[in-house]
Amino acid sequence: MAVLTVGVAVQRNLFSVVILSGIYSFLMATVLVALDAVDVGMTEASVGAGVSSVLLLGALTLCGGEEAKPLNRRWLPLLLAAVIVGALVYGTLGLPGFADPNAPIHMVVAPRYLERAVTETGVPNVVTAVLASYRGYDTLGETTVVFTAGAGVIALLRRRRRAAKGAK
Amino acid sequence: MKGFLVLRIVAKMLIPYILVFALYVQFHGDYSPGGGFQAGVIAAAAIMLYGLIFGLPSARRLVPDAVVETMVGLGVLIYAGVGLVGLALGGNYLDYFVLARDPVAGQLRGIFWVEIGVAITVSGVMLKIFYMFAGRRRRDDTR
Amino acid sequence: MSVLGHYNYWVTVFLMTAGLYIVIARGNLVKKLIGLSIFQTSVYLLYVAPGKVIGGTAPIIAPGYTLYSNPLPHVLILTAIVVGVATLALGLALAVRIHEQYGSIEEDEILAADREAEERA
Amino acid sequence: MILAHLPALEVVVPLIAAPLTLVLRRASIAWALTTAACAISFVVALLLAVEVARGGPISYAIGSWAPPWGIEYRVDALSSFMLVLVSGIATVVAPYALRSVATELRGGQGTLLYTMFCLCVAGLLGMSITGDAFNLFVFMEIASLSSYVLIALGRDRRALLASFQYLILGTIGATFFVIGVGLLFLKTGTLNLADMADRLHGESTDRAVRAALAFIVVGMSLKLALFPLHLWLPNAYTYAPSTVTALLAATATKVSVYVLMRFYFDVFGLHLLTRVLPMQDILMGLSILAIVTASLVAVWQTDLKRLFAYSSVAQIGYITLGIALGTREGLTAAIVHLFNHGITKGALFLLLGLVAYYTGRTPISSVRGLARSMPLTTFGITLAGLSLVGVPGTAGFVSKWTLVLAAFEADQWWLGGIVVATSLIAVAYVWRFVEAAYLSAPAVPSPVPRDRPLSMVVPAWILVGACIWFGFDTSYTVDAARRAATLLLEAAQ
C-alpha cells in the first residue's frame, strides 16, 4: 500500500494515478476485511475502488489527464508532514498495542452492543444494529451528507438551458 | 459502444442479477455484511452499467431525471420521517421501540425502513452524479 | 508497549503523511483531491485496527463464536467513508466547473489567469 | 408532549425542510419553507433557552438509547446561547435571500441555494447541540459541504476556486478533528463528550491525550480561521453570494469556536491546558498576531467585502484571546463577543449585499458618494462599523469592554492596551468606507436606485438595531455568557 501511495505521489499521468488509487482502495478493503471489518471492507471496495474511480475518470475526461510540472516549493509541505508524523507517533505511543483485548475501546461501550444487540434489536449483524439503531442518528446525518453532495453537484453542474427554463 | 453485440447481451443478462444482488444486500443486511448504503451503490452501479453500454439517453429513459431527483430527497425524508413517527407515537426522536407492540419487532421495523431510506437516497445521488458528469461530456463533444 | 505492537499505527501515520503531502505539494486540483482521499482513508485504519481482537471474528452474532471484534469503529468508519466520497464528488464537480471557466485545473495557472484579469480590470 | 422533544425538533425541522425544497422544486416555495423552518428553529431555540435558564442542562436521548450507548443531545447554557444565535441569524437572513438570490443567481440554482441554506443551518445547529463527538463530526460535514456549495454559487468565477480551496482546507481540518476524536476514543472507549470527560479526568500526562488535543485544536483552528490558518476565509467571503456571506460570517466560524471551547474546557480541562502544555500561551500569541496582522491587512484592501472579511479574522482573534485568558471574565468576554460580532458582521454583510444589489460589485470605488444615493444604507454600514470598532453605545463596545476588564483582572494590563490600540486600526479601515461614502463625490452621478425591496432592508436593519440594542441592554448577552462561562470553568477544573 505504501508503494502505491508513493506511486500516486510521483506519477504525473492522472489516469494511472486513478488506477493506482483504485488498487490502493482494494488493498485497503482487503486489510479491513482481515481486521474483521467486513461491512467496512465491502463499502470501501465498492466506494473507493468503484464509485470514486468512476467519478475521477469521469472528471478527468472533462478536465484532461496530464499534470503539469510541480512547483519548486517542496520543503514546506515536507516539513509540515514531518511535524504531523511527530505528533502522531508521539500520540500513538500512548495507546494500547495492536489487538489488546483490554484496551478501553473494548471495555466501555462495545460490550453492551455485542451482548445485547440481538435481544434488543433482533439483528444479529451488530454493525447493522449499531448503525441503524443505537447510533441511528449518525446514519441520518450520513444520509444527509450524501444528500448534500448530490444536491450540491446538481447545483454546480446543472445546465444553463435547464436553469433558464426553471426561471420562467 | 453500442455496436458490440456481445457486450450488450452480456450486460442484459447481468443487470437483472446485479439488481437482485442489490436487493439481497439490502434485505439480508441484518444477517450478513451490507445494508442500505451498499445496496444503493450496487443498484446505482447496475443502471450506470446500462448507461455506459446502451448510451446515456436510454438510461435516462429507463430512469428519468425527475425520478432520480425525487429519490435524492425522498430517502432522507423517509429516514427523518421514521424519526417523526417515533415522536408521534410517544417515543423520543428515532425511537423504534414504539413502532410496534413488541419492542424488538419495532426495532426491526424501524431498521427496515431506515435502511430503505438510505438505499433510495444513495442510489439516487450516485445516479444523479453519474448523469451529471456523463451529460457534461456529451455536450462538450457536440460542440 | 513494544514498537512492533504499534505496527498498525505506523502504517496509518505513513499513509496520512503521504496523503497530506500530496494535497499540499501538488498544484493539480484532481491530484489534490486524490491525496485528500488517501489522507482520509488512513483514518479508517486508525479507527478499525485497534478494534480487532486476536481470535475474534466479524461482529455478526452466530452460534459457535464467542469472541467478536469491536463493531463500533466499523460503524464510525462506514460513516467516514460516505463523508469521504461525498467530499470527493463535490470537489470533482468544482474541478469540472473550474476547468470550464478557466480551461485549466493547475492551481498556479488559474491564479495567474485571475491576476491577469484583475490587472485588465 | 412537544415540549419534551424540543432538542430534536431544533435540528430536524431544517433538516427535513432541505429535501422538501428539492422535491418541491419551485424557488418561491423553497424560500417560504426555508424561512418557516428557520423561524420554527428560532422559536424552539428561545424556548430551550428559557427552559435551560430555569431548570439547568437538558439531556435528550435520541432513539431512546441511554447515553453513552446512543447519541445524546445536550443543551446547556452555552449551547442554547449558540442555538439562539445561529437560528436567529438564519431567521433574519432567510427572508433577505428572496430578492438578493433572485438577482445574484441564475434561476435554476435558486432553489438549490435554499436547500443548501437549510442544510447549513441544520448542520450548524446540530454541531451546537450534540453531546457526541462523532455526531459532531457528521454535522460539521453537513454544514461544511453545504457551505462549499453555497460559496461556489457566487457569480464571479473566482468563487469556484475560493470554494475549492475552502473544501481542501476544510476537509483537512475535519480530518484532523476526526483523528483527534479517534485518539480520544481509543483512549477512553466512548464517544459521548460528558462520558469522555469523566474518563479522562485527571489524565493529563498521557501522550495520546496531548496529541488528540493538538489535532483537535489545529483542526478546529482551520475551521474557525484562526491566524495563520485563515487563508481560505477572505476569498470565500468575498466571492460568495451576499446572503451566504452574511450567514456564514455571522454563524459558521462562531460555531467552530464553540466546538473548540467545548473540547478545550469540557473534555481536556484547564490543568492540561495551562500546566502541562503551553496551549494557552500559544493561543494568546496567535490571537494577538491575528488581531494586529489581519486588522492591518484589512486597511489596505480595495474591496469592501474583502476588507470586512479580514476584519472578521481579526475579530476572531479577540474571541480566542478571551478563551486564552482562561478566566471567568475572559470566557465571558469571548462568548459575548461571539454573539456581538455575529450580529455586527451579519448586519454589515447584509447591508453590503444591499449595496451590491444596486451597484453589482463592492470595490471601495463603487461606494463613492453613496451617502447621497443611499443615505440610510450608508448610515447603517457606518453604525455597524462603529460597533466593529467598539464605540460606546454599540454591541461591540460591550464585548471589548468586558475583554479589557478581563485582561485587567488577570493582571495582564498590556493586553487591554493591545485591545484599545487595535481598535484604532479598526477605526482606520472603517474610516476608509466612511471617507468614500460621505466625503468623496461620486465618480459618475449615480441614478437614484429603482426600488427598495423591504424583504432586504428590514432584515438588515433588524440586525443593525440589534447592534445598538445589545450595546445598551446587556442583561441577556452578558448574563447568559457569564452563566455559560461559569459552567465551562466548573467543568474544566
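The values are calculated or read from the model by the stated rules, or taken from the named source; none is laboratory data. The model shown is predicted, which means the values in this text are computed figures rather than measured ones. Reconstructed Cβ throughout: ideal geometry from the backbone, glycine too, with neighbour counts over all protein chains shown.
Which of the residues that make up the stretch D:130-167 are of a type in the set (Lys, Arg) and either touching a residue at least 12 places away in the same chain (Cβ under 8 Å) or at positive phi (or both)?
Across the stretch D:130-167, the qualifying residues are D:155, D:158.
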Exercise. Taking into account only those residues within the stretch B:97-123 that are closer than 25 Å to residue A:52 by Cα and more than 7 Å from chain A (Cβ to nearest Cβ), which is surrounded by the most Cβ atoms within 10 Å (Cβ to Cβ)?
Worked result: B:119
Problem set entry | Residues being of a type outside the set (Asp, Glu) and either at pLDDT 90 or above or touching a helix residue (DSSP H, G or I) at 6+ places or on another chain (Cβ under 6 Å) (or both) - total across the stretch D:262-276 | 8
Exercise. Residue check, residue B:61 against (1) charged (D, E, K, R); (2) in contact with a Phe, Trp or Tyr (Cβ under 7 Å, 6 or more places away or on another chain); (3) more than 11 Å from chain A (Cβ to nearest Cβ), all met but one. Which one?
Worked result: (2)
Problem set entry | Residues of the stretch A:1-29 satisfying the condition of being small (Gly, Ala, Ser) and either closer than 23 Å to residue A:61 by Cα or at pLDDT 75 or above (or both) | A:7, A:9, A:16, A:21, A:22, A:25, A:29
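Yes/no per residue for (1) under 13 Å from the mean Cα position of the chain (by Cα); (2) at the interface with chain A (Cβ under 7 Å from one of its Cβ atoms); (3) modelled with pLDDT of 80 or more:
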| residue | (1), (2), (3) |
| --- | --- |
| C:20 | yes, yes, no |
| C:35 | yes, no, yes |
| C:38 | yes, yes, yes |
| C:42 | yes, no, yes |
| C:51 | no, yes, no |
| C:93 | no, yes, yes |
| C:98 | no, no, yes |
| C:118 | no, no, no |
Problem set entry | Search result, residues across the stretch B:86-105 that are in a helix (DSSP H, G or I) and either touching a residue at least 40 places away in the same chain (Cβ under 8 Å) or more than 22 Å from residue D:4 (Cα to Cα) (or both) | B:104, B:105
For this session: Could you tell me which of the residues B:48, B:71 is surrounded by 15 or more Cβ atoms within 10 Å (Cβ to Cβ), under 23 Å from residue C:84 (Cβ atoms) and within 14 Å of chain D (Cβ to nearest Cβ)?
Result: B:71
Exercise. Which one is farthest from residue D:472 (Cα to Cα), of the residues in the stretch D:336-386 that are among the basic types (Lys, Arg) and either over 17 Å from the mean Cα position of the chain (by Cα) or surrounded by fewer than 22 Cβ atoms within 10 Å (Cβ to Cβ) (or both)?
Worked result: D:361
For this session: Could you identify the single residue in D:249, D:212 that is in a helix (DSSP H, G or I) and in contact with a Lys or Arg (Cβ under 6 Å, 6 or more places away or on another chain)?
Result: D:249
Exercise. Picking from D:147, D:128, which residue would you name as being over 21 Å from residue A:151 (Cα atoms) and among the hydroxyl-bearing types (Ser, Thr, Tyr)?
Worked result: D:128
For this session: Identify all residues within the stretch B:53-81 that are more than 18 Å from the chain's Cα centre (by Cα) and either part of a helix (DSSP H, G or I) or modelled with pLDDT of 85 or more (or both); write none if there are none.
Result: B:53, B:54, B:56, B:57, B:58
Exercise. Which is in a loop (DSSP other than H, G, I, E, B) and either away from chain A (no Cβ under 11 Å) or at pLDDT 80 or above (or both), of D:173, D:180, D:202?
Worked result: D:202
Seminar exercise, completed: Among (1) under 29 Å from residue D:70 (Cβ atoms); (2) facing chain A (nearest Cβ under 7 Å), residue C:46 falls short only on (2)
Exercise. Within the stretch A:119-142, how many residues are farther than 17 Å from residue B:86 by Cβ, outside any helix (DSSP H, G or I) and touching a strand residue (DSSP E or B) at 6+ places or on another chain (Cβ under 9 Å)?
Worked result: 2
Exercise. Is it the case that the stretch A:63-71 has a residue that's at pLDDT 75 or above, buried (at least 17 other Cβ atoms within 10 Å of the Cβ) and within 30 Å of residue B:124 (Cβ to Cβ)?
Worked result: no
Exercise. Would a scan of the stretch B:85-96 turn up a residue that is acidic (Asp, Glu), touching a helix residue (DSSP H, G or I) at 6+ places or on another chain (Cβ under 7 Å) and either crowded, with 23+ Cβ neighbours inside 10 Å or at pLDDT below 85 (or both)?
Worked result: yes
For this session: Return the only residue of A:108, A:123 being more than 27 Å from residue B:69 (Cα to Cα) and either in contact with a His (Cβ under 9 Å, 6 or more places away or on another chain) or at pLDDT below 75 (or both).
Result: A:108
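Conditions tested, residue by residue: (1) over 23 Å from the mean Cα position of the chain (by Cα); (2) hydroxyl-bearing (Ser, Thr, Tyr); (3) in a loop (DSSP other than H, G, I, E, B).
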{"position": "D:12", "(1), (2), (3)": "no, no, no"}
{"position": "D:20", "(1), (2), (3)": "yes, no, no"}
{"position": "D:28", "(1), (2), (3)": "yes, yes, no"}
{"position": "D:31", "(1), (2), (3)": "no, no, no"}
{"position": "D:47", "(1), (2), (3)": "no, no, no"}
{"position": "D:50", "(1), (2), (3)": "no, no, no"}
{"position": "D:70", "(1), (2), (3)": "yes, no, yes"}
Exercise. Would you say residue D:410 is farther than 26 Å from residue D:359 by Cβ, small (Gly, Ala, Ser), buried (at least 20 other Cβ atoms within 10 Å of the Cβ) and more than 21 Å from the chain's Cα centre (by Cα)?
Worked result: no
